[in-house]
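Heads up, the thing below is written out as structure tokens.
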Amino acid sequence: MTDRSNDSASWGSILAGLIIGSVIGAAVSLLFAPKPGQETREEITRRLDNLKEQIEETSKQTIETARMKIAEARADLTQAMEAGRETAAKRTAELSEQAGLND
């Protein structure tokens, strides 16, 4: 279970890094690009649109990964619960037999 929470934290860190890196890269490139105001505004708009698309795509992928991990965790939990029930039933039967309750 710890591995899955680490995976989620890793995805969150990657997403945050991508967003921060994109914003910093866009800001630096705009500061050093000698363009007139209109071109700069168009460039900012274009880069923000691209960044928005990247964020949306990364978010969709992160959500899908999270859904898959949740489904896996549910399946693992269900399997563990069933194994626990079977073990408990067997042990109860063994104890009943030892106590002579099944005669």
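Bear in mind that the values in this text are calculations on the coordinates, not laboratory data. The structure displayed is predicted, hence computed values, not measured ones. For neighbour counting, all protein chains shown are included, and Cβ atoms are generated from backbone atoms with ideal geometry for every residue, glycine included.
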In nm, to one decimal, how far is the residue 54 label point from the residue 97 one, both placed 7 Å along Cα→Cβ? 6.5 nm
Tell me, in nm to one decimal, what length is gained between residue 28 and residue 73 on full extension, where the rule is 0.36 nm per residue of separation less the Cα-Cα distance? 12.0 nm
Along principal axes, Cα extents of the stretch 2-99, largest first, whole Å: 92, 17, 8
